[in-house]
Structures are given as structure tokens and as C-alpha cells.
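Q: Pasting a structure below so you can have a look.
Read-outs throughout are calculated quantities, based only on the coordinates presented, and are distinct from any laboratory measurement. Every value quoted in this text rests on a predicted model; they were computed, and no experiment measured them. Please note: Cβ atoms are built from the backbone with ideal geometry, for glycine as well, and neighbour counts cover all protein chains shown.
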């Protein structure tokens with residue numbers, strides 16, 4: 001092994017001039033290429049993913065796994081196209097297109113671990129443009145996110161506004177129906193009419209009671225005096241003599257009549273006491289008849305009053321039920337309107353409570369040094385690599401030459417010959 005290694009080292013030394021020339025050539029080519037290539041400058045900025053602004057009543061734990069969902073918002077073709085137009089990169093001297101921008105790898109988006117940051121790296125031949133593109137991209141991403149939140153707020157407000165309009169229409173409808181029902185019901189008028197009917201019923205009942213008592217009294221007054229007056233004559237017969245009157249006595253003397261029957265006269269006189277009693281009795285009978293008719297009229301009036309009271313009570317009860325239902329509907333509509341109005345007022349707060357805000361932190365500064373190794377360092381590294389590769393190539397060639405030049409072992413030769421004989 002030592003002989004072989006020494007032979008290989010001697011072979012490398014023998015070809016040292018060629019190895020040195022190849023190494024210098026690699027260094028020269030690498031230096032020329034590195035020096036001729038445009039310098040690349042890197043600018044870095046960060047975007048902070050702000051947690052949703054929620055109330056303390058409803059705390060939520062931040063989920064770091066959601067951070068990658070914002071990468072497509074940063075690494076966005078539409079924003080890159082806007083950058084190309086804004087900085088005139090699609091014109092001379094760059095003539096960049098979206099495909100070429102992607103192909104050259106000018107944009108690199110990274111996610112630092114265990115953080116709410118998005119790292120934006122821009123590598124570009126122009127140092128100032130690299131910083132400007134990084135800052136402009138971060139601002140565009142933040143504005144796009146804010147615009148998305150604004151659109152979401154507007155959409156949410158529109159939904160709540162439609163709900164508020166429906167609640168207002170429902171409230172107006174129930175209020176109109178409620179007022180119309182109250183006008184149609186006229187509960188106060190019905191209650192006043194019911195009170196009048198109840199008073200009338202009480203008065204009629206009281207009147208019937210007093211008339212019945214008066215009727216009993218008049219019936220008693222008619223019963224007993226009527227029996228006693230039935231046996232007594234209404235008139236009295238009185239006989240008076242003619243001689244009791246001087247004028248008649250002188251007339252009879254001229255007639256020369258001595259019969260006492262002829263000389264007497266009979267007068268029929270109404271009994272004043274009996275007649276007065278009969279008048280009172282007749283008045284009592286008239287009064288009794290009137291009282292009976294009044295009682296009958298009052299008794300016939302009572303059912304009418306009861307029917308009217310029942311009708312009023314039934315109608316009033318139904319109307320009260322309808323009014324209660326209308327009041328409940330109005331109350332529910334009012335609560336729904338208040339809830340919809342509150343939600344509409346707090347729509348922006350509701351969206352902000354679940355919206356994520358993106359803010360640029362640590363703006364990119366203009367880089368002073370280009371990225372990558374310098375031309376001399378690249379040349380030295382290329383020389384070291386070329387020296388190693390050329391030396392290895394010379395050693396490999398020397399090993400191959402040694403293998404070809406070494407004689408075969410006799411045993412191996414004999415085995416190969418016998419194998420060839422069998423094959424023949």
C-alpha cells in the first residue's frame with residue numbers, strides 16, 4: 001500500500017505543472033465569472049400577525065398553526081405584478097415578467113418558528129430597489145388585509161342592516177295592527193256600556209223587588225175591603241113628607257089630597273163613605289194592574305240585559321285576548337328590533353373581534369454589502385476545489401495504469417485457461 005501511495009504521489013508531483021495550470025485556470029474563470037455577474041443585494045422586512053381584538057369576556061388562545069395561511073397573501077402573483085408595474089421593472093433595463101421574477105428567485109417568504117412574524121426577503125441587483133420592493137410588498141399586504149377586513153365589515157353591516165330593516169318592518173306592522181285593533185276594540189267604551197248595563201240590571205232588580213212588595217200590599221188592600229163593600233148598597237133611599245116643605249105643603253093643600261103615600265117622596269142618595277172606599281179600591285186595582293205590567297216589563301227586560309252583558313263580556317274577552325297577543329307580538333318585535341339595532345351598531349366591533357390585522361415591523365433598510373462571496377474568495381475556493389479534483393483525477397489515472405500493467409497470478413491464469421477450454 002505504501003508503494004502504491006508513493007507512486008501515486010510521485011505521479012501527482014510529475015503532473016504538478018498541469019495541475020497547477022488547471023487550478024489557476026479554474027480560479028481565473030471563477031474570478032472573471034464572479035466579477036462579471038451583477039451583485040445581488042438582500043433586503044429583509046417583517047410582517048406581524050396581530051391577534052384578533054376580542055373582548056376579555058371571550059378570551060381565545062392564539063393558534064400558531066394559522067400563520068402559514070397568510071403566506072399566500074404575501075407570496076401573491078397579483079401583488080408581484082403590481083410591484084413590477086409600480087417600479088417599472090417590466091421595462092428596460094430589467095424587462096422582468098412574473099415568470100422571470102419567480103425564476104430568478106427574487107422573493108423568499110419565511111416563517112420564523114414560534115412567532116407571529118412573516119419574514120420577507122428580497123434579493124435584487126439594485127440595493128435601493130431591493131429595500132423599496134420589500135417595504136412596498138409589506139405595505140401592499142397590510143393594505144390588502146385591511147381592505148379585506150373593511151369589505152368583511154361592510155358585508156357584515158349589510159347583513160345586519162337587512163336584519164334591522166326586516167325587524168323595523170315587522171315592528172311597524174305589529175304596531176299598526178295593534179293600534180287598529182285597539183281602535184276597533186274600544187275596550188273603554190265596552191267597559192262603560194257594561195257598567196251601564198250592570199247598573200241598569202241592578203236598578204231593574206231593585207225595582208222588581210220594590211214593585212213586588214208594593215203589589216203584595218195593594219193585593220191585601222184589595223182583598224179585604226172588597227169583600228166588605230160587596231154586601232153594602234152603593235145608594236141610600238130616603239122618604240120625605242111633602243109637608244116638610246112649606247111650598248110643597250101649600251101646593252098639596254090646593255090639591256086636597258089626604259093619602260100619605262101620595263103626600264111623600266122618595267130620594268135615592270149615593271153613600272159618600274161607600275163611594276170613597278170604592279174609589280180607593282179602584283185606584284188600588286189600577287195601581288196593582290200597573291205594578292203587574294211594570295213587573296212583567298221589568299222581568300222581560302232582565303233577559304235582554306243579561307244577553308247584552310254576556311255578548312259584551314264574550315266580545316270583550318276575545319278582544320282582550322287579541323290585544324294581549326298583539327301586545328306580545330309588539331313586545332317581541334321591539335326586542336328583535338333592539339337586538340338587530342345593537343348588532344348593527346356593533347358590526348364593526350364584531351368583525352374586529354375575529355379579524356386578524358397584519359402590520360409591518362422592522363422596515364427594510366438599503367443594504368450596504370451584496371450577498372454571497374466576493375470574487376477573490378470565490379476564486380480561491382474554486383482553486384482549492386480544482387486542485388483537489390485534478391489531483392484526484394491524476395491519482396485515479398495512475399491507479400488505473402497500475403492495474404493494467406500488473407501481470408496475472410499463475411493460478412488465476414491456469415483457472416482462466418481451463419475455463420476457456422471447457423467453453424470450447
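Q: Alpha carbon centre of the stretch 130-148 versus the stretch 177-194: separation in Å?
A: The two parts, judged by their Cα centres, are 68 Å apart.
Q: Let me ask something additional. Would you please give the FRET efficiency between residue 88 and residue 115, computed as 1/(1 + (r/R0)^6) with r the Cβ-Cβ distance and R0 = 35 Å, to the nearest 0.05?
A: The value I calculate is 0.50.
Q: Regarding the stretch 79-191, what are the three Cα extents along the principal axes, ordered largest first, in Å?
A: So the three principal-axis extents are 95, 38, 21 Å.
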